[in-house]
1. Name the residue, out of A:Arg347, A:Arg375, that is surrounded by fewer than 23 Cβ atoms within 10 Å (Cβ to Cβ) and among the charged types (D, E, K, R).
2. With touching a Phe, Trp or Tyr at 6+ places or on another chain (Cβ under 7 Å) and in a loop (DSSP other than H, G, I, E, B) as the only criterion, which of B:Leu85, B:Leu81, B:Leu178 stands out?
3. How many residues does segment B:104-122 contain that are free of Cβ contacts under 8 Å to residues at least 24 places away in the same chain, part of a strand (DSSP E or B) and in contact with a Lys or Arg (Cβ under 9 Å, 6 or more places away or on another chain)?
4. Would you confirm, using the coordinates I've provided, whether A:Gly186 is over 23 Å from A:Val73 (Cα atoms) and either in contact (Cβ under 8 Å) with a residue 12 or more places away in the chain or charged (D, E, K, R) (or both)?
5. Given the criterion closer than 23 Å to A:Met122 by Cβ, under 20 Å from the mean Cα position of the chain (by Cα) and within 13 Å of another protein chain (Cβ to nearest Cβ), identify the matching residue among A:Val95, A:Val62, A:Val71, A:Val83.
6. Kindly provide the set of residues from segment B:45-63 that are facing chain A (nearest Cβ under 7 Å) and not β-branched (Val, Ile, Thr), ordered by number.
7. Could you please find all residues in segment A:146-197 being β-branched (Val, Ile, Thr) and surrounded by fewer than 19 Cβ atoms within 10 Å (Cβ to Cβ)?
8. Would you be able to tell me the number of residues in segment A:292-327 that are away from every other protein chain (no Cβ under 14 Å), crowded, with 20+ Cβ neighbours inside 10 Å and not β-branched (Val, Ile, Thr)?
Amino acid sequence: MDTNLIKKTMGFNHLIDINEGWVDRRVFCEQDIYEQELYRIFARSWLFVAHESQIPNAGDFVTTSMGEDGVIVSRQKDGAVKVFLNSCPHRGNKVCFADAGNARRFTCNYHGWAFDSAGSLMGMHEEYCYDPGDIDKSTHGLKQVAHVDNYKGLIFANFDPDARSLEQWLGDFRWYLDILLDNEDGGTELIGGCIKSEINANWKLGVENFIGDAYHAGWTHDSGSRAMNNGEPFPPVDMENSFHASINGHGWEFGLEGMGDLVLLGRPKVIEYYNRIRPDMAKRLGEMRSKIFGSVASASIFPNISFLPGISTFRQWQPKGPWKFELKTWVIVNKAMPDDIKDEVTRGVMQTFGPGGAFEMDDGENWENCTTVNRGVVTRQEKLHYRCGINRKVDDHPVLPGLVYRGQYNDANQRNFYQHWVDMMEAPTANDIPYRWEPKFSGLETRDFAGLNDLKNGGK
Amino acid sequence: MTNGSAQLEAPTLDLIISLQQVLYKEARLMDQERYSEWVEMLAEDLHYFMPGIETRYRRDETDQIGDQTRMAYYNDNLDDLKKRLRRLETGTAWSEDPATRYTHLITNVEVELSDQEDHFRVYSNFLAYRNRNERDQDTLLGNREDLWRRKGSSFELVKRLIVLKQNILLSKNLNVYL
Ligand code: FES
Ligand SMILES: [Fe+2]
């Protein structure tokens, strides 16, 4: 990447003040800021590109975007995964037009340059037209993304050669991610296919909604809650026993009642299933995490993945300019689940959080209007309020890692998301991004620790 | 989509017209958001299915339409569909107030007898137009394949397969039935 483009100084600190608790609306609408997000955030972050289960066999591929850069994610013969640009080095044409499939070759439609499943240039149509010295095929493959790594089934890639490791990037957020990815033997898989929709809103509005905005649920989703749960409104939250936790811009908001999200899925068989495995989950992950599972909760991985553990929707907010994002929706299930439970979960997700879902329908409308009002140049200068719960920080929680705040109706995770956003926008290199929470579980398998207080015992 | 009906008799003009009228009535009820009346037209054993469609190469053998374990916008039985509709009755479906303006156009209606008595296969195309607030609008287009069952003097919908001709749903939600 051309670092000159990154160094071109704009200054972003003035756009956010998390100590006062406000965000400048220009981050949701200005083209210049958006362009810098592509360079400074998307081209330097570990981005989710696929789940292992989408590409089980050699030659399997999916196409996706990292920021606005199209890439192919391709399973190699040796089981490794390569990620490379979906753009031919000859004149730039796209080389793959499918969302997913299996291919030995990606052949460009324009002049017939052919690339293998590792992205290497194998040959071209009428190759005799090139004289010796015209082209070195070994250096004209599809451009490889600098780093590819995997956390418990989620494959991430990073364009930045100087990036920190994926483990450092996720940090102690791995402890929370295990609730989704490692609550049962065998890990997770995505249900086949992907539902995509297009929303005329800034990508960050989706991410911040899932990272911490439990607050909207009771109001926005009153209709959805009543539809899915026999006329009952959104379950009340217990402000004493619910939390926000934020690490490196990732965040999880959660109750500890264990049931709220499961009930909203509206599938009694799924509740039975989880009730059955919950004792084992408690042994596997510890008491705290088994209570977080299934509670009213939502989470985002910086910058653009979100999910609802328990409801099992898993989604990515792909930026398409400051005014638009594409939402990719999957269903994530445990591999060990019986097929009929997977089917129940899938139906439940699409009834709640698909584009026609009882909850989802009311969200897109809000985000679109939160974005489009900023076409007004006066409107866009009005700062937005993010102070909710600003004094509810819990220092030294014995179990929970991260920047922890009490009460899941809170803007804490959102504030910390925007803090990380500024940190990345300002950082000259990836190594300059400050850790706002020093990792405690470095090099350790987070599954084996019921919480921070377990560290001194070396795990359960 | 299967078609094992080569040897079946041709439907009578009467039958064709009756089923066409049923489709038009359905469209009118949807346009007017008269969902409780629409539900009356649905069978107890309804399967209402609209798969998600990925873009894949011709050689790819993934069964995107027949495989019901894959992601689908709708994969509902009657209870599931009623649950979705319940949202509108709560009075707090904020994004539906002001109301969306709908028009459903139903065309290319083809009726076939099926090998089950009193069950009729009906193919049709739809164009559903939605307009909200000031200039918020979109158009959904696709094919449907239905199974209707004779019920008293009318018919009830037993199966509907909807194939929407979009890869990315080019709108923020799907507050419309097709
Ligand atoms: S652009 Fe790909 S072969 Fe020419
Ligand atoms: Fe929501």
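The values are calculated or read from the model by the stated rules, or taken from the named source; none is laboratory data. Since the model is a prediction, treat every value here as computed from it, not as a measurement. Here Cβ is always computed from backbone atoms with ideal geometry, including for glycine, and neighbour counts include all displayed protein chains.
1. Exactly one of A:Arg347, A:Arg375 is surrounded by fewer than 23 Cβ atoms within 10 Å (Cβ to Cβ) and among the charged types (D, E, K, R), namely A:Arg375.
2. Step by step, each of B:Leu85, B:Leu81, B:Leu178 is checked, and only B:Leu178 is touching a Phe, Trp or Tyr at 6+ places or on another chain (Cβ under 7 Å) and in a loop (DSSP other than H, G, I, E, B).
3. Final tally of qualifying residues: 1.
4. It is false that A:Gly186 is over 23 Å from A:Val73 (Cα atoms) and either in contact (Cβ under 8 Å) with a residue 12 or more places away in the chain or charged (D, E, K, R) (or both).
5. A:Val62
6. Matches in segment B:45-63: B:Gly52, B:Glu54, B:Arg56, B:Tyr57, B:Asp60.
7. Answer for segment A:146-197, where residues must be β-branched (Val, Ile, Thr) and surrounded by fewer than 19 Cβ atoms within 10 Å (Cβ to Cβ): there is none.
8. The number of residues fulfilling the criteria is 17.
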